[in-house]
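*Asks:* Please read through the structure below; I'll follow up with questions.
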C-alpha cells in the first residue's frame, strides 16, 4: 500500500509544477486533489467529490456574500462616490505635504468601506486622482505608487472579500472577521499617509505644493461628499456589529442602499448596470472555483495526514511560536511575488491553518494578518494586480516605475503586521465586544 504522506508530498510537488506551467490554480488543485483521493481510496470514492464540492460551496449560505459585496462596489462607482470622496478629502488635506496623495489614500479608504474589490478601487481612483496629480507635477513614481497602494485597502477594510474567503476556508465567523479589519485598516491608512508625508518632506520635488487656500466654510461644505459612504458603512458594519443582521443580509442591504443612491442621482444606465453585473459574475465564479478547488485539495491533504504531521512536528520544535509565525509570513511574502491574493489564500490555508491552531494563535487575529499579507501581494513584483491595473491607466509610466513607487508602502504593510503581532488587541478589540 502506498504511503499516504509520500502521496501527499508528490501531490504538493505536482501542484507547484502545474502552477509553473501556467495551469489555472483552481483547476490544478481540483485535479490534483481528485487524483490524490483516487490514489488513497478508490475511483468510486473520488468521482463524486468534485461535483459534490462545487455544489456545496455554491449552496453555502455565506458564499452569497461575495456577489453582493462586489455589486456594492459596482454601484458605488456608478454613484460617483469615488470622485466625491476624493474632492472632499482634497479640500481637507491639500495643504499637507503630498496633499493630493493623502487625499487619494483617504478616498481609497472611504471607497473600501463600500466595496470589496481592491482592483476596482485602484482602477476607479486611478482615473480620478492620477490626472489631478499629473496636473500639479507630482512625480509619476509617487502618484502611481499612492494609487496602487491605496487600492489595497479594499482587501482589509470591510466589506472585504479576503475575510469572506478566509472565513469560508477556515469555518470562522465572517461577521467577526469583517469587524476585525476596521482598526487595522485605519492603522494601515495612517501608515500610508505617513509614508507620503515622509517622502515629500525628504524630497519636496516629488510633490509640489498645491496652489490655492481652502477656507473652513469650504471644507465644511465639502463634507457632504462623504455622507453616502458613512451611511452605507454604518448600516452594513453597524448592523453586523450590533448583531441585528448577518453578513449576507448586510451585503444585500448595502447593495440595495447604493442602488437607491444611484437611482436618486439618476446615474444608472444600462451600460453601467451590465458592467456591474458582469464584474459580479466574473469574480464570484472565479472565487467559487478557487474555494471548491482548495476544498477538494484539502480533502486530499487530510487523507495524506500531512497537515496533522506538520502541525505535530512544528508543535514539537523547541522554538518560539513567533519564529514559526515569522516563517509563515515570509512564505506569504514570497508567494505574493507569483500569486494573486485569493489564490495564495486557498493554496496555503489547508496546511497553514492547522499549524496556527496547534500554536494556539487566535484564528480571527491570524485572519487579519493573513489578509494583510495577501494585500501586500497586490503590489509585490512581478505579479501585483493593482500595479498591472495602474499600468493600463497610466500608459506613459513604466511598470517598473510603478513598482518602485509602491515599495515604500509595501514596507509600511510589514511594519503594520509587526505592530499587530505585538499588539493583537488592535484586531481583536472590536470583535471581542460583539454580541454574537
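The values are calculated or read from the model by the stated rules, or taken from the named source; none is laboratory data. Note that this is a predicted model, so its numbers are computed, not measured. Every residue, glycine as well, gets a Cβ built from its backbone with ideal geometry; the counts of neighbours run over all protein chains shown.
*Asks:* Exactly one of these conditions fails for residue 401: (1) more than 17 Å from the chain's Cα centre (by Cα); (2) within 16 Å of residue 327 (Cα to Cα). Give me its number.
*Replies:* Residue 401 satisfies all of (1) more than 17 Å from the chain's Cα centre (by Cα); (2) within 16 Å of residue 327 (Cα to Cα) except (2).
*Asks:* Also, quick follow-up: Residue 313 versus (1) in contact (Cβ under 8 Å) with a residue 24 or more places away in the chain; (2) over 30 Å from residue 146 (Cα atoms); (3) in a helix (DSSP H, G or I): which is the lone unmet condition?
*Replies:* Checking residue 313 against (1) in contact (Cβ under 8 Å) with a residue 24 or more places away in the chain; (2) over 30 Å from residue 146 (Cα atoms); (3) in a helix (DSSP H, G or I), the one that fails is (1).
*Asks:* For the structure I just gave you, tell me whether residue 409 is in contact (Cβ under 8 Å) with a residue 24 or more places away in the chain and more than 22 Å from residue 237 (Cβ to Cβ).
*Replies:* Spelling it out, residue 409 is indeed in contact (Cβ under 8 Å) with a residue 24 or more places away in the chain and more than 22 Å from residue 237 (Cβ to Cβ).
*Asks:* With the checklist (1) surrounded by 24 or more Cβ atoms within 10 Å (Cβ to Cβ); (2) within 15 Å of the chain's Cα centre (by Cα); (3) part of a helix (DSSP H, G or I) in hand, flag the one item residue 115 doesn't pass.
*Replies:* (3)
*Asks:* Further question: Since residue 379 meets every condition but one in (1) touching a residue at least 60 places away in the same chain (Cβ under 8 Å); (2) outside any helix (DSSP H, G or I); (3) surrounded by fewer than 17 Cβ atoms within 10 Å (Cβ to Cβ), which condition does it not meet?
*Replies:* Unmet condition: (3).
*Asks:* In segment 293-304, is there at least one residue being under 30 Å from residue 7 (Cα atoms) and at pLDDT below 80?
*Replies:* No.
*Asks:* If you don't mind, another one. Output the number of the condition that residue 334 fails; it satisfies all remaining conditions of (1) in contact with a helix residue (DSSP H, G or I) (Cβ under 6 Å, 6 or more places away or on another chain); (2) surrounded by fewer than 19 Cβ atoms within 10 Å (Cβ to Cβ); (3) free of Cβ contacts under 8 Å to residues at least 24 places away in the same chain.
*Replies:* Going through (1) in contact with a helix residue (DSSP H, G or I) (Cβ under 6 Å, 6 or more places away or on another chain); (2) surrounded by fewer than 19 Cβ atoms within 10 Å (Cβ to Cβ); (3) free of Cβ contacts under 8 Å to residues at least 24 places away in the same chain one by one, residue 334 breaks only (1).
*Asks:* Still on this structure, I have one more. What's the number of the only condition in (1) in contact with a helix residue (DSSP H, G or I) (Cβ under 6 Å, 6 or more places away or on another chain); (2) closer than 17 Å to residue 420 by Cβ; (3) surrounded by fewer than 17 Cβ atoms within 10 Å (Cβ to Cβ) that residue 322 fails to meet?
*Replies:* Status for residue 322: all satisfied but (1).
*Asks:* Looking at segment 63-72, is at least one residue in contact with a helix residue (DSSP H, G or I) (Cβ under 9 Å, 6 or more places away or on another chain), in contact (Cβ under 8 Å) with a residue 24 or more places away in the chain and more than 21 Å from residue 175 (Cβ to Cβ)?
*Replies:* Checked against the condition, which is being in contact with a helix residue (DSSP H, G or I) (Cβ under 9 Å, 6 or more places away or on another chain), in contact (Cβ under 8 Å) with a residue 24 or more places away in the chain and more than 21 Å from residue 175 (Cβ to Cβ), segment 63-72 yields no hits at all.
*Asks:* Another one. Among 361, 366, which is at pLDDT 90 or above, surrounded by 19 or more Cβ atoms within 10 Å (Cβ to Cβ), outside any helix (DSSP H, G or I) and at negative phi?
*Replies:* 361
*Asks:* Given the condition crowded, with 24+ Cβ neighbours inside 10 Å, touching a residue at least 60 places away in the same chain (Cβ under 8 Å), assigned to a helix (DSSP H, G or I) and in contact with a helix residue (DSSP H, G or I) (Cβ under 6 Å, 6 or more places away or on another chain), answer yes or no: does some residue in segment 124-131 qualify?
*Replies:* Yes, that holds for at least one residue.
*Asks:* For residues that are in contact (Cβ under 8 Å) with a residue 60 or more places away in the chain and part of a helix (DSSP H, G or I), tally how many sit in segment 36-55.
*Replies:* Residues flagged as in contact (Cβ under 8 Å) with a residue 60 or more places away in the chain and part of a helix (DSSP H, G or I) within segment 36-55 amount to 7.
*Asks:* Can you pull out the residues in segment 76-112 that are within 26 Å of residue 198 (Cβ to Cβ) and not in a helix (DSSP H, G or I)?
*Replies:* Scanning segment 76-112 gives 94, 95, 96, 97, 98.
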